[in-house]
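S.K.: Take this structure first; my questions come after.
The values are calculated or read from the model by the stated rules, or taken from the named source; none is laboratory data. None of the values given here were measured: they were computed from a predicted structure. Here the Cβ positions follow ideal geometry from the backbone for every residue, glycine too, while neighbour counts run over all protein chains shown. What goes into the accessible areas is simple: the full protein's heavy atoms, side chains included, and nothing from ligands, DNA or RNA. Shrake-Rupley method; radii C 1.70, N 1.55, O 1.52, S 1.80 Å.
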Amino acid sequence: MFNEEILINEFGIYTQSDLGYFGLSKYSKMNAPSFLKSWKNWLLFLPGYIIFFVVCIYTREISAQGTRQDKSIILPKGFTAVIVADSIGEGRHIAVNSNGDIYISLARLKNGAGIVALRDVNNDGKADIIRYFGSFPGTGIGIYNGYLYFSSDTTVMRYKLIPGELLPKLKPEIIARGFKINRQHGAKSFTFDNDGYLYVNVGAPSNACQNPDRTLHTPGMNPCPLLLEFGGIWRFDANKTGQDQMKEGYRYATGLRNCVALRWNPVANHLYAVQHGRDQLHEFWPEYYSEDQGVNLPAEEFFLLRDGINCGWPYTYYDDSKNMKMLAPEYGGNGKIQDKTGSEKPIMAFPAHYAPNDLLFYTGDQFPPHYKNGAFIAFHGSWNRAPQEQKGYNVIFVPFLNDQPSGKWEVFADNFAGVSRIMSPRDAHHRPCGLAMGPNGSLYVVEDIQGRIWKITFRQ
Amino acid sequence: MNCQLPAVKMDKISNFIVLMLFLFGNSENPASVLIQYRLIQFDRDIPENGKLSRTLKNGKEIYRKFCLSCHQKDGSGVPNTYPPLIRSTWVKGNKTKLILVLLNGLEGEITVNEDYYNGYMPKQNKLSDKKIASVLTFIRQSFNNASSVVSPKEVKALRGK
């Protein structure tokens, strides 16, 4: 009658019935009244059970409806959010065209497609038309010169946009290829400058260039051979088809572990990126880093990337409590030795393991002047803070003056996780991943758990 | 008959709490209630119960040091990155396959609980047979799994395969 799982091992025979879930497994041992010994008599309780369950579920529905708003994201005063669409797939990055049409890349195929196109016909913020196209999953997406650019983890391609139509021409052209398959940090996020160049993030398939990677006490390969093909930003001609990473591609910046958050700042006219800092200092070097240090180190670094720059991965990491670049333990560091190679320092640092997944410079006029030309950063949220509470899972703002931050960073949108304590990333209902600005200065945020898109607007 | 596995012992009060949380708590995601419950379980001491509880205690320590950061405290893993150990057929099923995941590592496309992963797990072959056996026994009897123990002999037989 019950689904019994019987286990036989050297310690004897155990059975665990489904009843065990409800604490009833002990009854077989207890001296229950003889009335209860026959299972048939238990059926007498059945109506009571059913009524109890119906009442419980009904109450649950009501309370869920009453509190749905509490779970929405928290914004500064004057800002409101609408949900543009929900459950569109695992949304990664987002691009909004000048007519308001929205395009989102997906981490996994949904309805057999890797890109979602959305249109709001009646201007209420909510998508009325949703279409799927493209045969590959991926991360990068952007609109440039009448084309929709998209990247899978191995190729950057573009689709010709048709004026007035939501769907582009469905046959893509390849712009850049030859990126090796990469099981860690594979996202080829990209951005365009003002001079016809395309910049592509080529993350390192590694944590700290150990071989084998992510293992206790393994030294780093020296020099790290991965830097030849990975761990940097590669630049391409944005308008030329069929380029290969190692032939036509130019390594613009190196020593970057993975910069999913990569964006050209059109006002300062520089490239910026926020790096996913290395993981697991405590797990692999417990004699140098306590659990707390592993949780709080290293800082996530925000870089201004000039041509030819070296940001130090895998030899260094950034300690924000000391404001110093430190030598990585894989290369002889112990948490106390400073880096002497002169690798680039960040322009700002964020708490460890927050996982920056997008960066956007706000050039719109809708938001208050405080936000003008500043940077929004979407943090996907940590996993390497376990066993302590996980953090991030928010969108923050950094005010800017010219090409530098002009003040402290502040949380802009919060509570994406929807739970008070995030003990495992799996607890979070949403993990912010992509940012875009709409034609009238609204901010769009997309996330990759449920596939929700928010449009954030400011009203006086 | 003894109806309880030491590692999956569920007392009536905590079951009642879980049931109530599930029914009255207004989480959009009932699974997260279960996950939170399992966290409580991880923090709870393993009951004294002879040799098996010693194995489980050792296994839990190995798990904390060598597995927890990726697979998380409650075995739930990280979406799209680290697969869960909760109810995973990799964990509950064939021991040979499971032992080889630890001895040789795992890379490439796999399916866990009908979900797709394409990642890299480092091999754990520097751990002794006894340590591998105890951590595998621990994960097979935690996180809502309830499968048989893995012995050091079984691990030894698969080294180098």
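S.K.: If one takes the accessible area of chain B alone plus chain A alone and subtracts that of the pair, with a 1.4 Å probe, what total in Å², rounded to the nearest 100, results?
M.R.: 5100 Å²
S.K.: I'd like the accessible area for A:ASP124: 1.4 Å probe, protein heavy atoms, all chains in place, Å² to the nearest 10.
M.R.: Taking all protein chains as shown, A:ASP124 has close to 70 Å².
S.K.: What is the stretch A:348-460 by shape, rounded, prolate or oblate, if you read a ≥ b ≥ c off the alpha carbon gyration tensor as root eigenvalues and call it rounded for a/c under 1.5, prolate for a/b larger than b/c, and oblate otherwise? Spell out each step's value before the answer.
M.R.: Numbers: a/c = 2.45, a/b = 1.51, b/c = 1.62.
The shape class here is oblate.
S.K.: Then there's this: Please give the per residue accessible area of the stretch A:320-429, computed with a probe of 1.4 Å over protein heavy atoms only, in Å². Could the numbers behind the result be given before it?
M.R.: Details: 4100 Å² over 110 residues.
On a per-residue basis, 37 Å².
S.K.: Another question, then. May I ask you to give the solvent-accessible area per residue for the stretch A:91-136, in square angstrom, as obtained with a 1.4 angstrom probe?
M.R.: 43 Å²
S.K.: Let me ask another. In whole percent, how big is the carbon plus sulfur part of the accessible area of the stretch B:50-158, probe 1.4 Å, protein atoms only? Present the calculation step by step, with values, prior to reporting the outcome.
M.R.: Details: 2400 of 4620 Å².
On the stretch B:50-158, the fraction of accessible area on carbon and sulfur atoms equals 52 percent.
S.K.: Another one. Over the stretch B:50-158, how many percent of alpha carbon pairs lie in each 5 Å bin up to the one with the longest distance?
M.R.: 2, 13, 24, 29, 21, 8, 2, 0
S.K.: Based on the alpha-carbon gyration tensor of chain A, what equivalent-ellipsoid semi-axes (square roots of 5 times the eigenvalues) come out, in whole Å, largest first? Intermediate results must be reported in sequence, preceding the final value.
M.R.: Working: eigenvalues 371, 194, 99 Å².
Taking √(5λ) for each eigenvalue gives 43, 31, 22 Å, largest first.
S.K.: Less than 28 Å apart at the alpha-carbon level, and either on another chain or at least 8 residues along: which lysines does that give for A:LYS40?
M.R.: Counting by Cα, and skipping residues close in sequence, A:LYS40 has these lysines nearby: A:LYS26, A:LYS29, B:LYS9, B:LYS12.
S.K.: Checking buried surface per residue: for the stretch A:167-188, which residues lose a minimum of 40 Å² accessible area in the protein assembly relative to the chain alone (1.4 Å probe)?
M.R.: Residues losing area: A:ARG183.
S.K.: Taking N as the number of residues in the stretch A:89-227, what is its Cα Rg relative to 2.2 N^0.38 Å?
M.R.: Details: Rg = 17.7 Å, N = 139, 2.2 N^0.38 = 14.3 Å.
Here the answer is 1.23, to two decimals.
S.K.: In the stretch A:427-453, what residues drop by 40 Å² or more in accessible surface going from the chain by itself to the full protein assembly, probe 1.4 Å?
M.R.: Residues passing the criterion (a loss of at least 40 Å², heavy atoms only) are A:ASP427, A:HIS429.
S.K.: May I ask you to rank A:LYS171, A:LYS372 by accessible area, largest first, using a 1.4 Å probe over the protein chains only? Walk me through the numbers on the way to the answer.
M.R.: On the way: A:LYS171 175, A:LYS372 80 Å².
Output order, biggest surface exposure first: A:LYS171, A:LYS372.
S.K.: Continuing with this model, one more query. Please list, short to long, the whole-number percent of alpha-carbon pairs of the stretch A:138-185 in consecutive 5 angstrom bins beginning at zero.
M.R.: The calculated distribution, bin by bin, is 5, 22, 27, 22, 12, 7, 3, 1.
S.K.: From the residues A:PRO286, A:SER72, A:ASN384, which one has its Cα farthest along the dipole of chain A in the positive direction, the dipole being from +1 and -1 charges on Cβ of Lys/Arg and Asp/Glu about the Cα centre?
M.R.: Checked the options; the winner is A:SER72.
S.K.: While we're on this one: How many angstrom lie between the C-alpha centres of the stretch B:76-149 and the stretch A:87-113?
M.R.: 33 Å
S.K.: Given +1 on the Cβ of Lys and Arg, -1 on the Cβ of Asp and Glu, and no further charges, what dipole in debye does the stretch B:50-158 carry about its Cα centre, rounded to the nearest 20? Numbers along the way, then the final one.
M.R.: On the way: 18 positive and 8 negative charges, 150 e Å.
I would put it at about 720 debye.
S.K.: Among rounded, prolate and oblate, which fits the stretch A:193-323 when a ≥ b ≥ c are the square roots of the eigenvalues of its C-alpha gyration tensor, a/c under 1.5 means rounded, and a/b larger than b/c means prolate? If you can, show how the numbers build up before the last one.
M.R.: Numbers: a/c = 3.11, a/b = 1.69, b/c = 1.84.
It is oblate, given that a/c is not under 1.5 and a/b is not larger than b/c.
S.K.: Just need the Rg to Rh number for the stretch A:271-426, please, alpha carbons only, Kirkwood Rh.
M.R.: On the way: Rg = 16.2 Å, Rh = 16.4 Å.
Looking at the stretch A:271-426, the ratio lands at 0.99.
S.K.: Compare A:LYS455, B:LYS57 by solvent-accessible area with a 1.4 Å probe and give them largest first, with all protein chains kept in place.
M.R.: Numbers: A:LYS455 30, B:LYS57 80 Å².
Sorted by accessible area, descending: B:LYS57, A:LYS455.
S.K.: For a 27 Å ceiling on Cα separation, which of these pairs sit above it: A:LYS391/B:LYS51; A:LYS110/A:LYS455; A:LYS391/B:LYS97; B:LYS73/B:LYS131; A:LYS171/A:LYS455? Walk me through the numbers before you get to the answer.
M.R.: Working: A:LYS391/B:LYS51 39 Å; A:LYS110/A:LYS455 22 Å; A:LYS391/B:LYS97 34 Å; B:LYS73/B:LYS131 18 Å; A:LYS171/A:LYS455 30 Å.
Exceeds cut-off: A:LYS391/B:LYS51; A:LYS391/B:LYS97; A:LYS171/A:LYS455.
S.K.: Give me the 1.4 Å probe accessible area per residue for the stretch B:50-158, excluding ligands and nucleic acids, in Å².
M.R.: Working: 4620 Å² over 109 residues.
Per-residue value: 42 Å².
S.K.: Determine how large the accessible area of B:SER147 is when every protein chain is in place; take a 1.4 Å probe and give Å² rounded to the nearest 10.
M.R.: 10 Å²
S.K.: Then there is this: Going from most exposed to least, what order do A:ILE130, B:ILE139 have by accessible area with a 1.4 Å probe?
M.R.: Numbers: A:ILE130 65, B:ILE139 10 Å².
Heavy-atom accessible area, descending, gives A:ILE130, B:ILE139.
S.K.: Still on this structure: Give the cross-link partners of A:LYS322 among the lysines, using a straight C-alpha distance below 18 Å as the criterion and excluding same-chain residues fewer than 8 apart.
M.R.: By straight Cα distance, A:LYS322 reaches A:LYS336, A:LYS340, A:LYS345, A:LYS408.
S.K.: Then there's this: Quick one: with all protein chains in place, what share of the accessible area of the stretch A:148-253 is carbon or sulfur, to the nearest percent (1.4 Å probe)? All intermediate terms of the calculation are to be shown ahead of the outcome.
M.R.: Working: 2280 of 4340 Å².
Ligands and nucleic acids excluded, carbon and sulfur reach 53 percent.
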